[in-house]
There are 2 protein chains.
Amino acid sequence: MKAYTIKALHENMDALEQQEVTVEGWIRNSRAQKAFGFIDLNDGSKLSGVQIVYEKDTVDNFDAIAKVHIGAALRVNGTLIKTPSMKQPFEIKASTVEIVGPSRADYPIQPKRHSREFLRENAHLRARTNLFTAVFRVRSILTHAIHRFFQERDFMHVASPIITASDAEGAGELFKVTTLDLTEVPKDKDKTVDFRKDFFGKKANLTVSGQLQAEIFAQAFKNVYTFGPTFRAEKSHTATHASEFWMIEPEIAFADLNTDMDLAESMVKYLIDTVLKEASEEIQFFDRFVSKGLVKKLKNVVEKPFVRITHKKAVDILKAAKQDFENTPDYQDDFAKEHEKYLVSHFDAPVFVTDWPKDIKAFYMRLNDDGQTVAAMDLLVPGAGEMIGGSQREERLDVLKQRMEAMGIPEEELWWYLDLRMYGSTPHAGFGLGFDRMLMYVTGVENIRDVIPFPRTPKQCEF
Amino acid sequence: MKAYTIKALHENMDALEQQEVTVEGWIRNSRAQKAFGFIDLNDGSKLSGVQIVYEKDTVDNFDAIAKVHIGAALRVNGTLIKTPSMKQPFEIKASTVEIVGPSRADYPIQPKRHSREFLRENAHLRARTNLFTAVFRVRSILTHAIHRFFQERDFMHVASPIITASDAEGAGELFKVTTLDLTEVPKDKDKTVDFRKDFFGKKANLTVSGQLQAEIFAQAFKNVYTFGPTFRAEKSHTATHASEFWMIEPEIAFADLNTDMDLAESMVKYLIDTVLKEASEEIQFFDRFVSKGLVKKLKNVVEKPFVRITHKKAVDILKAAKQDFENTPDYQDDFAKEHEKYLVSHFDAPVFVTDWPKDIKAFYMRLNDDGQTVAAMDLLVPGAGEMIGGSQREERLDVLKQRMEAMGIPEEELWWYLDLRMYGSTPHAGFGLGFDRMLMYVTGVENIRDVIPFPRTPKQCEF
């Protein structure tokens, strides 16, 4: 008989009542009495799993089942019986229990509280705990929701390249990609590395952003998005930094900063609303065990219109605040965490801060008419600070060239980027959303290492 | 007025007839007479674009429009008028034409035939040609279809890591990932590289496959899939090899090779069927201009049940063939292209070849009871040869260890992979589909460089 997933059993509980069903999964917990026993079985399709009841008089391998270790894989045939419990609306009364793959007494994941650090060291088994079943289920649901959001709105997905020879964006430290023999790196006469002998015939590295390539495609398909891995080689050991993470970068042509913010706001609301609906069991679990008040926080984001204020206005608000900041708010500076926190609590809503001083922002952001600020936006959200960074891009060839020169970016490296401004240039805009940080936000999980299946951080590259 | 995409105009043609609409896009072609002119405008949302008609008496900048260069960006207001033409069911009679971004006489993409090589060198502009509009539209549709196929069947998406420290799979040449200073690589006393000083504290490289990590997740979530970039540093200059390409790797627990083939068959049929339906205009275009007979080839795959034969049986067929092969078919060997071609034409259908000699297959494939073959499968398809490679995985700890020892793979590198066989091991299986090759198959485009937005190959890493 073909096995049902536990999710399918839940969805078809009424039709399957009193029916014989097959279910497969791994033992999360087990309690045996003399004449009967209970097993919590989980196959990852449903956070709460299913309870198996087996009796000495019914199954012919009672003693073997009673002794089986946590973690073992089972195939169970039995009858679906509804129960009066809310938490567990049905159970399976087993007729046969096959031990497909036994486990051992030293199985690391026991039904008790393990430290997050211990679970990271056992990342090959941690997905079999409630916390990580929930986290990675939400990760998958959110992944699909992102594609759905953009595709339903006729955005084209662009696979931006992972290996690039351009380091023009300067968004962070780069990982080098090479096939040179590191024991004997070929050198030029001046002792510099001879990259002509390398795989690509030049210096190559892992991308820090797909934006510039997304801009290329936006100038042909109007509305596009990337969704793929990006990299930073910063030796940062904080809870919010990983060396490898996924980014979503939409780019829209014939559009200004307001249209960009409209898109960001509707995307954030759609993603959170989808998770609240499609992962309600998981979100309830996080609210209860990981981050009290999570549901309220998320619903607030879905329901409240996002505030839009300029950086100048935001600094005015901070300066007028009846609060002593460690860092003095400044019209020329980026915000500190405490400032972001104050602003979102001041408005009790997500806040777009726009029109930033040009000197602290990237070369490609569109210069405003004041000559001092650029058409950039950061989205600050309650409980996390910056979630999204975006901008209208400089579409005027002469202004872009001036900005590149001022910031020391050689034109020949970005000849194709300049070409886009020569042939059918359009006002266009885009933003970047860090997928893993979004996942931290919707789950309440506080360490990025715990939302990535196999995280990469300085000195950590296991599995 | 908010602009419609050209796709939306087509979809709402009846409701919008005789209505005033706004449309934005880039000029693909332009012909001006004395008193009126025609412009082919395209915004990437629809392969065929839309025709703009403008008249001297109606628009106030007739001369400027008549002189505007190919590639310029326009915003057009006008009335949607139905035409008797099948090819072009409506046109826009312009009331205003705004030149948003001009172009120049030296715009590289002129309305004539350009060589593929020339277009690759101008990959930042080639998406504005019919061929590449079609290719990248299909790429995006296929991307979404892959997620939909798996998510609708309750498969969990797993983001397998891109940077890995394991090179155990041995699937190909590796790109090294490092932050070491290449002008002065730190060395140990024995002159080998001191990777303890590197970013991850050990040797790291770009992944060749997410399979082993997908297996981890399949042992918790039962049905999972990866869809992400993978890498090979082979100095291969063929039309089917790229250094960076995307792979789809499903992995299913409590499953054998037959279930694996069922999944592969239904996935391939679903993907091709989706493209035939959702990209019918593009596929007709490819059939006409790129690969005659494409639609027939694709429909054949959707409609025919896939054949399943063992490798031994396949060699029997080859040996009995009334055809002289350059390479003699052998029971111990892989197939040559000519063998694959013969087999699919012999059956006039896609063919799964199963149960391969163990010595030419990977260590993780499940050993059959004969001790000589493994439970592997290759899917051969008419017009392309191998499309998918998969296998049941060795779930028995002792057999796996013997195979690893025989193939010189150190156990300590894959301790976590062995753990999976110690704690709740299950029969499980999976396969890999190269996304870009699938895209070549459904478009008929013969060079992998022409289905990847910005391809990476030896000595090529532009944009």
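Data for the structure
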item: Residues of the stretch A:175-231: accessible area per residue with a 1.4 Å probe, Å²; result: 32 Å²
item: Label-point separation in nm, residue B:11 to residue B:238, each point 7 Å along Cα→Cβ; result: 4.0 nm
item: Charge dipole (debye, nearest 20) of the protein assembly as shown; +1 at Cβ of Lys and Arg, -1 at Cβ of Asp and Glu; result: 480 debye
item: In Hz, Karplus ³J(HN,Hα) per residue of the stretch B:218-231 (6.51, -1.76, 1.60; θ = phi - 60°; x = Gly, Pro); result: 5, 7, 10, 10, 6, 10, 9, 8, 10, 8, x, x, 9, 9
item: Residue-averaged 222 nm ellipticity for chain A, from DSSP H runs of 4+ at -39500 (n - 2.57), nearest 500; result: -9500 deg cm²/dmol
item: Whole-Hz couplings from phi, Karplus 6.51/-1.76/1.60, listed for the stretch A:96-109; x for Gly and Pro; result: 9, 10, 9, 7, 6, x, x, 10, 9, 4, 8, 3, x, 9
item: Delta accessible area of at least 20 Å² on complex formation, residues of the stretch A:199-226, 1.4 Å probe, chain isolated as reference; result: A:199, A:200, A:202, A:206, A:213, A:216, A:217, A:219, A:220, A:221, A:222
item: Degrees between helix B:257-278 axis and first principal axis of chain B (Cα, 0 to 90, nearest 10); result: 10 degrees
item: Computed label-point distance, nm, for sites residue B:273 and residue A:95 using a 7 Å Cα→Cβ extension; result: 3.3 nm
item: Farthest positive-ward along the stretch A:56-125 dipole, Cα basis, beta-carbon charges - from A:90, A:72, A:58; result: A:90
item: Check: chain A dipole with +1 on Lys, Arg Cβ and -1 on Asp, Glu Cβ, in debye; result: 1480 debye
item: Mean accessible surface per residue for the stretch B:246-299, computed with a 1.4 Å probe while every protein chain stays in place, in Å²; result: 40 Å²
item: Cα-based Kirkwood hydrodynamic radius, the protein assembly as shown, one decimal, Å; result: 30.0 Å
item: Karplus-derived 3J(HN,Hα), 6.51/-1.76/1.60, for each residue of the stretch A:29-40, Hz, glycine and proline x; result: 7, 7, 9, 10, 9, 5, 10, 7, x, 10, 10, 8
item: Whole-percent carbon and sulfur share, accessible surface of the stretch B:291-375, 1.4 Å; result: 48 percent
item: Distance in nm between pseudo-label sites at residue B:401 and residue A:22 (7 Å out along the Cβ direction from Cα); result: 3.1 nm
item: Relative contact order computed over chain A (Cα-Cα under 8 Å; 6+ residues apart), in percent; result: 13 percent
item: Amide H within-cut-off set for residue A:43, under 5 Å, with H built and near neighbours excluded; result: A:6, A:26
item: Cα-based reach from residue B:299 at 18 Å (exclusive), listing lysines while leaving out same-chain residues under 8 positions away; result: B:269, B:277
item: Calculated FRET efficiency for the pair residue A:187/residue B:337, C-beta based, R₀ 41 Å, to 0.05; result: 0.45
item: Protein-protein interface of the stretch B:78-126, residues with accessible area decrease of at least 40 Å², isolated chain reference, 1.4 Å probe; result: B:100, B:104, B:124
item: Check: the stretch B:1-97 dipole with +1 on Lys, Arg Cβ and -1 on Asp, Glu Cβ, in debye; result: 280 debye
item: Exposure of residue A:461 as accessible area (Å², to 10), given a probe of 1.4 Å and all protein chains; result: 0 Å²
item: Protein accessible area in the stretch A:205-266, 1.4 Å probe - carbon and sulfur %; result: 51 percent
item: Heavy-atom accessible area per residue - the stretch A:333-463, 1.4 Å, Å²; result: 34 Å²
item: Residues with amide H under 5 Å from that of residue B:36, placed H, sequence gap 5 or more; result: B:56
item: Volume per residue of the C-alpha convex hull in the stretch B:93-159, rounded to whole Å³; result: 200 Å³
item: Ordering of B:418-427, A:99-108 by packing [mean C-beta count within 10 Å, highest first]; result: B:418-427, A:99-108
item: Extreme residue, positive dipole direction of the protein assembly as shown, given options A:447, B:231, B:387 (C-beta unit charges); result: B:387
item: Chain A - Kirkwood radius from inverse mean 1/r over Cα pairs (Å); result: 25.4 Å
item: Unit charges at the beta carbon, dipole of the protein assembly as shown: most positive-side option, B:306, A:327, A:309; result: B:306
item: Drop in accessible area of at least 20 Å² in the complex versus isolated chain, residues of the stretch B:405-420, 1.4 Å probe; result: B:415, B:416, B:419, B:420
item: Greater than 21 Å apart at Cα, pairs in A:401/B:67; A:203/A:401; B:2/B:87; B:46/B:67; A:46/A:93; A:191/B:202; result: A:401/B:67; A:203/A:401; B:2/B:87; B:46/B:67; A:191/B:202
item: Zone of residue A:35's modelled label, taken as backbone nitrogen in the stretch A:83-109 under 18 Å from a point 7 Å along Cα→Cβ; result: A:93-95
item: Rounded percent of accessible protein surface that carbon and sulfur make up, the stretch A:60-165, 1.4 Å probe; result: 51 percent
item: Trypsin sites (Lys or Arg not before Pro) within the stretch A:242-327: DSSP coil, no more than 11 neighbouring Cβ in 10 Å; result: A:322
item: Global geometry of the stretch B:71-203, whether rounded, prolate or oblate, following the gyration tensor of its Cα atoms and the 1.5 cut on a/c; result: prolate
item: Protein heavy-atom accessible area occluded, A/B pair - total, 1.4 Å probe, Å²; result: 9400 Å²
item: Approximate shape of the stretch B:1-110 as ellipsoid semi-axes (Cα gyration tensor, √5λ), whole Å, largest first; result: 21, 16, 13
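The values are calculated or read from the model by the stated rules, or taken from the named source; none is laboratory data. What you see is a predicted model, and the numbers here were worked out from it, not measured in a lab. Note: ideal-geometry Cβ built from the backbone for every residue, glycine included; neighbour counts use all protein chains shown. Note: areas computed on protein heavy atoms with side chains; ligands, DNA, RNA excluded. Shrake-Rupley method; radii C 1.70, N 1.55, O 1.52, S 1.80 Å.
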